[in-house]
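Here is the structure we will look at.
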Amino acid sequence: MKNLALLLMAAILISCNDKTNNLVDTPKKTRNEEVKIPNNTIEPDSAKIKDYPNEVMLEDDMLFNGKLKRYFSLKDFENVFGKADSIKLLAEEEPCTYIFDTEVQTNDSNDNQYFYKDGSRYENYKEKVAVDKFKFLKNNFIVYRGKILSSATSINDLKKLFPNAIQNIKTMEVVGEGKLQIIQLRDEENNLSDGHINVYLKKGKLYYIHWWFPC
């Protein structure tokens, strides 16, 4: 009888060990299974906002009033925009920089001057003219990469072209204009330029652009 009792106890112990082993093996199987993350779940480490640079607006991608690039002749200026409303010598205005990289020697020099036309400003040096500030007044417009930018262009329209710049939009007080919204665009792709293009908006619509360089 003792032997029979011992055999029964041994059988019970073996059975318990098997159950214990089965319980230990179960999590090992689930550990090897692929853990699926719901689509609407974002891992904390991946939810970082990257600082993307503002977009580039190249001179070669623009046509002013659909006809002229930024640099053109005096004859082209008169053919497309007409006669200047007013003219001022650069020596009087004393700008920080000159588009044509020339120096005004005296106030009597007529080689370096600004043409003002319909709110826009153009730099003139002898027979050469370049856009300095372009206002979207009197039906002025730009064809930019096949798209027309005009006074009807809204902030949402610009957001499609320059989403990073629009994300960094600011409001500032502009002399003679009041409060305007402004975005900045790079004027070349390699970040070698010290300047940029300021794009101004008034009441949510495109107002004017200006090439800006530090003094």
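The values are calculated or read from the model by the stated rules, or taken from the named source; none is laboratory data. All values derive from a computational prediction rather than experimental measurement. As a convention, Cβ positions derive from the backbone with ideal geometry for all residues, glycine included, and neighbour counts pool all protein chains shown. What goes into the accessible areas is simple: the full protein's heavy atoms, side chains included, and nothing from ligands, DNA or RNA. Shrake-Rupley method; radii C 1.70, N 1.55, O 1.52, S 1.80 Å.
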Looking at the range 109-146, which of its residues are within 20 Å of Lys202 (Cα to Cα), open to solvent by 60 Å² or more (accessible area, probe 1.4 Å) and among the basic types (Lys, Arg)?
Lys138
Looking at the range 137-156, can you tell me whether even one residue there is without any contact (Cβ under 8 Å) to a residue 12 or more places away in the chain and closer than 16 Å to Val56 by Cβ?
no
Any idea which of Leu137, Leu158 is modelled with pLDDT of 95 or more, outside any strand (DSSP E or B) and in contact with a Gly (Cβ under 6 Å, 6 or more places away or on another chain)?
Leu137
Criterion first (touching a strand residue (DSSP E or B) at 6+ places or on another chain (Cβ under 8 Å), open to solvent by 70 Å² or more (accessible area, probe 1.4 Å), part of a strand (DSSP E or B) and not small (Gly, Ala, Ser)) does Lys88 satisfy it?
yes
Would you mention how many residues in the range 151-189 are under 21 Å from Val131 (Cα atoms) and among the β-branched types (Val, Ile, Thr)?
5
Going through the range 150-169 one residue at a time, which ones are under 24 Å from Asn140 (Cβ atoms) and not aliphatic (A, V, I, L, M)?
Ser150, Ser151, Thr153, Ser154, Asn156, Asp157, Lys159, Lys160, Phe162
If you go through the range 16-24 one residue at a time, do you hit one that is at pLDDT 50 or above, over 23 Å from His196 (Cβ atoms) and either among the basic types (Lys, Arg) or under 27 Å from the mean Cα position of the chain (by Cα) (or both)?
no
Test: residue in the range 190-200 that is more than 15 Å from Val131 (Cβ to Cβ), in a loop (DSSP other than H, G, I, E, B) and of a type in the set (A, V, I, L, M, F, W, C)
yes
Please work out if Lys126 is more than 19 Å from Asp61 (Cα to Cα) and of a type outside the set (S, T, N, Q).
yes
Could you list, in sequence order, the residues of the range 147-185 that are open to solvent by 70 Å² or more (accessible area, probe 1.4 Å), of a type in the set (Val, Ile, Thr) and within 20 Å of the chain's Cα centre (by Cα)?
Ile148, Thr171
Within the group Asp118, Asp132, Asp157, which residue is at negative phi, in contact with a Phe, Trp or Tyr (Cβ under 8 Å, 6 or more places away or on another chain) and of a type in the set (Asp, Glu)?
Asp132
